[in-house]
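Notes for the one structure printed next.
Values in this text are rule-based calculations from the coordinates and carry no lab data. It should be emphasised that the depicted structure is a prediction, and the values quoted were computed from it without experimental measurement. With ideal geometry, Cβ positions are generated from the backbone for all residues, glycine too; neighbour counts draw on all protein chains shown.
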Amino acid sequence: MSTLVSSPAALAAITARARQCGIAAIDTEFVWTRTFYPGLGIIQIALAEGEAYLVDAPAVEDKTALAELLSAPDVVKILHDASSDLTILNRFCGALPCNIFDLRLAAGFCGLTATLSLGRLLQALLGIELAKTESLTDWLARPLSAAQIEYAVDDVRHMPEMYRCLLARLCEHGTQEWAREEMRVYESPAAYVSEPPEKAYRNVKGMGRLGAEQLTLLRELAAWREREARTVDRPRGRILQDEVLIDLALHPPAVADDLRLGRRRHVRELQRYDACILACVEAARRLPREQWAKPQKCHLPAAVLKERSDAVLALVRACAETRGIDPTVAGSRKRINSLILSSARGSLDAHPLLSGWRGELLRAGIEPLLAAWSPAATLQQPSLFGLDTEDDGSAEPG
């Protein structure tokens, strides 16, 4: 049975062994219920058959060895759905990850889907089924039970073998270089930089129905909430829920008493933050019009955008499937809409769907479509669906 390790000497020994093996399978177990940031409880590391370690994250004082392991270019770090784990580990030890192999992504490049859970992927590759008995456990509680320890070890013990299996499949499909290119995103510092609070309003549910003045107030409110949530380490919704921010943007309070009107369900929270809310209202009111937030507008009628998006999506699916690539990895609906709107604005430079491995796969098929939809080409034919393609931009993307 693996025991928890946390001493600098033990962690340095694990890093040394990882360099000998050339690979390290890594997973994390955390608690994320009432905090803004996940509370890291366990870091699992598997190096070879039967060699697995559990790191007691809260007890680690010197994180140097873990940082060295994550950033070591001569050690392949094997993870499943690496983005969330690497974000947590980057915040924990400050290391910029290097040489990452994401099992989930790799599956999407060799005839499998890129949405398989670790358990389902393990079953598909090796025919092994894991018991998920501790998935809702408290990983910050100590001591850990024997069942918790077994569960944590099971999550990484088979990863090295899964890695070798997927490498072989990638070679068979001839997509190993494309997969490696896609995984290099994990080595970019930009992947671990938090979005500025001033952009938090873009993720507030319901923001699309606000005008410029209302959206400007929402921007101030959402930025304040974001800073507050990070400072006190509480979920955004436990500061103020999205619906309350929208309501405040639609009906700005002038004085503290206004916060009680029509908002009985949230009076306690509003009273707690009344000074901050009123400060946001005043800050938004003082901004000159040229600094107001600009509502997101679609430069094409919704029906036209959907028709073009459907056409590109069909092309992406056909091209991806011929190479055994999961179409969701090649191009999502959101990214395809971005391509079409960028083309309509004449700003296609280095678009992700036309760059790198996606460009190799898709450019030959997509470029003729975009050329046919260019403003010059559109003027030579009747407008689609009887709609003027020089629309005022008020339609929302479909």
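Out of Val267, Val304, Val185, any idea which swings most in a Gaussian network model of the chain, alpha carbons joined below 10 Å?
Comparing Val267, Val304, Val185 in the GNM, the peak value goes to Val267.
Work from the charge dipole of the chain (Cβ charges, +1 for Lys and Arg, -1 for Asp and Glu, about the Cα centre) and give the residue of Ala52, Leu215, Ala114 farthest towards its positive end.
Leu215
Multiply the residue gap between Asp74 and Ala318 by 0.36 nm, knock off their C-alpha separation, and tell me the result in nm, one decimal place.
84.2 nm
For the pair Glu61/Glu187, report the inter-label distance in nm, with labels modelled 7 Å from Cα in the Cβ direction.
3.5
Given the Cα atoms of the stretch 302-386, and with Rh set as the inverse mean 1/r over their pairs in the Kirkwood sense, what is Rg to Rh to two decimals?
Answer for the stretch 302-386: 0.97.
At 25 °C and 0.890 mPa s, grab the translational diffusion coefficient of the stretch 4-192 from Stokes-Einstein with a Kirkwood Rh over Cα pairs, rounded to a whole number in µm² per second.
Rounded to a whole number, D works out at 146 µm²/s.
How big is D, in µm² s⁻¹, for the stretch 45-126 by Stokes-Einstein at 4 °C and 1.567 mPa s if Rh is the Kirkwood radius over C-alpha pairs?
Translational D for this selection: 92 µm²/s.
What residues have an amide H closer than 5 Å to that of Val5, excluding those fewer than 5 places away on the same chain, when H is modeled at 1.01 Å from N in the peptide plane?
Sorted by chain and number, the residues that satisfy this are Leu54, Val55, Asp56.
How high is the relative contact order of the stretch 163-313? Use alpha-carbon pairs under 8 Å, at least six apart in sequence, and give a whole percent.
Across the stretch 163-313, relative contact order equals 24 percent.
Subtract the Cα-Cα distance of Ser347 and Glu129 from 0.36 nm times their separation in residues, and report this length gain in nm to one decimal.
73.6 nm
So for the pair Arg34, Ser6, with labels modelled 7 Å out along Cα→Cβ, what separation do we get in nm?
Between Arg34 and Ser6, the label points sit 2.1 nm apart.
In percent, how large is the relative contact order of the chain, given Cα pairs closer than 8 Å and 6 or more residues apart?
For the chain, the relative contact order is 15 percent.
Only Cα pairs within less than 10 Å get springs; with that Gaussian network setup on the chain, which residue of Glu290, Glu172, Glu228 has the largest fluctuation?
Glu290
For the chain, set up a GNM with springs between Cα atoms under 10 Å and report which of Gly108, Gly208, Gly41 has the largest fluctuation.
Gly208
In whole percent, what relative contact order does the stretch 4-192 give with Cα contacts below 8 Å and a gap of six or more residues?
Over the stretch 4-192, the number comes to 25 percent.
List the trypsin sites (Lys or Arg not before Pro) in the stretch 1-44 that DSSP assigns to loop (not H, G, I, E or B) and whose Cβ has at most 10 other Cβ atoms within 10 Å. Which are they?
Here the trypsin sites (Lys or Arg not before Pro) that fit, given the DSSP loop and packing criteria, are Arg34.
Only four residue types carry charge here, +1 at the Cβ of Lys and Arg and -1 at the Cβ of Asp and Glu. Report the dipole size of the chain about the Cα centre in Debye, rounded to the nearest 20.
Here the size comes out at about 880 debye.
Match the structure shown to one of the listed values (i) 44, 23, 19; (ii) 82, 23, 15; (iii) 41, 34, 17 of semi-axes √(5λ) of the Cα gyration tensor in Å, computed from it, and give that label.
Label of the calculated value: (iii).
Can you give me the Cα centroid spacing of the stretch 62-139 and the stretch 229-299 in angstrom?
38
Could you compute the FRET efficiency for Cys276 and Lys334, with r as their C-beta to C-beta distance and R0 at 30 Å, rounded to 0.05?
0.35
If I model a spin label at Ala168 and Gln296 as a point 7 Å from the Cα along the Cα→Cβ vector, what separation in nanometres do I get?
Label-label distance for Ala168 and Gln296, simple model: 4.4 nm.
5 Å is the cut-off here: which amide hydrogens, built 1.01 Å from N in the peptide plane, fall below it relative to Gly41, excluding neighbours closer than 5 in sequence?
The answer is Glu29, Phe30, Val31.
When the Karplus curve 6.51 cos²θ - 1.76 cosθ + 1.60 is applied with θ = phi - 60°, which whole-Hz ³J(HN,Hα) does each residue of the stretch 24-38 get, with x for Gly and Pro?
Coupling constants for the stretch 24-38: 8, 7, 10, 9, 10, 10, 9, 10, 9, 10, 10, 10, 6, 9, x Hz.
Kyte-Doolittle mean at least -0.5 and Cα extent at least 15 Å along the axis: which DSSP H helices of the chain qualify?
8-21, 82-93, 146-157, 159-173, 274-286, 302-322, 333-345, 356-372
Measure of size requested: the Rg and Dmax of the stretch 197-291, with Cα atoms as the atom set and Å as the unit; please supply both.
12.3, 36
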